[in-house]
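First comes the structure, then the notes that go with it.
The values are calculated or read from the model by the stated rules, or taken from the named source; none is laboratory data. All values reported here derive from a predicted model rather than from experimental measurement. Every residue, glycine as well, gets a Cβ built from its backbone with ideal geometry; the counts of neighbours run over all protein chains shown.
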Amino acid sequence: MTTSLLIAYIIVFLLSAVPLLEAFIVVPVAIFGGMNFTLTNIIGIAGNLLTLLILIVMMDRIKQWYLNKREQAGKGKSRKSQRAENIFQKYGLPGLAFIGPFFIGSHFTALMAVILGGPQKATFWWVTLSVAVWTIGISILFYFGIDFIGLEDKQFLNEFSQQ
């Protein structure tokens, strides 16, 4: 593995850890760029889960901060919060964990799940499963979609990784 390819994997890890970028966005782009399918998925999911784990461990403090901030601002529930609560009431924690990341990201989904009463441990495992399923699923569709339309030779990271 070249140094530049190692840097590319580190970038995938770091970008996947950023809320709203998420692994299921970063990983397919990296695969389109020519990076290894399996390794990129593992690294991207790990990056996403690292910050998710930190968020859930610190959830009690974050929950208090979030609720106090909303109360001090005199704001009611936001549209996103209301949507998340409706999904949580209708489908429970598993439903929120699988639907939420697509609309508001895995980090905010975990935050909303705990605020709405989901246990921290269960929230982590459901959101972890959701991130893995979304990332691998979209990566597979993206990988075969690229192959189907004949763009496998347009891998923009090949030049970067061969230097």
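What the table shows:
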{"read-out": "Residue list for region 86-141, restricted to those being buried (at least 16 other Cβ atoms within 10 Å of the Cβ), farther than 27 Å from V29 by Cα and among the hydrophobic types (A, V, I, L, M, F, W, C)", "value": "I87, F88, L93, M112, A113, V114, I115, L116"}
{"read-out": "The one condition in (1) surrounded by 14 or more Cβ atoms within 10 Å (Cβ to Cβ); (2) more than 23 Å from A122 (Cβ to Cβ); (3) not small (G, A, S) that L52 fails to fulfil", "value": "(2)"}
{"read-out": "Residue tally, condition among the aliphatic types (A, V, I, L, M) and in contact with a helix residue (DSSP H, G or I) (Cβ under 6 Å, 6 or more places away or on another chain), over region 22-48", "value": "7"}
{"read-out": "Any hit, region 55-68, residues being loosely packed, with under 12 Cβ neighbours inside 10 Å, more than 12 Å from V114 (Cβ to Cβ) and of a type outside the set (D, E, K, R)", "value": "yes"}
{"read-out": "Considering residues of region 53-81 that are polar (S, T, N, Q) and at pLDDT below 80 only, the residue farthest from F24 (Cα to Cα)", "value": "Q64"}
{"read-out": "Pick from region 105-160, criterion in contact with an Asp or Glu (Cβ under 8 Å, 6 or more places away or on another chain) and part of a loop (DSSP other than H, G, I, E, B), ranking: modelled with the lowest pLDDT", "value": "L116"}
{"read-out": "Tabulated pairs, region 16-41, first in contact (Cβ under 8 Å) with a residue 24 or more places away in the chain and within 24 Å of I104 (Cβ to Cβ), second of a type in the set (A, V, I, L, M, F, W, C) and assigned to a loop (DSSP other than H, G, I, E, B), C-beta under 6 angstrom, 6+ apart or interchain", "value": "none"}
{"read-out": "Matching residues, region 1-26, being surrounded by 18 or more Cβ atoms within 10 Å (Cβ to Cβ), more than 10 Å from the chain's Cα centre (by Cα) and among the β-branched types (V, I, T)", "value": "V12"}
{"read-out": "Residues located in region 62-101, provided they are hydroxyl-bearing (S, T, Y), in a helix (DSSP H, G or I) and over 22 Å from V131 (Cα atoms)", "value": "Y66"}
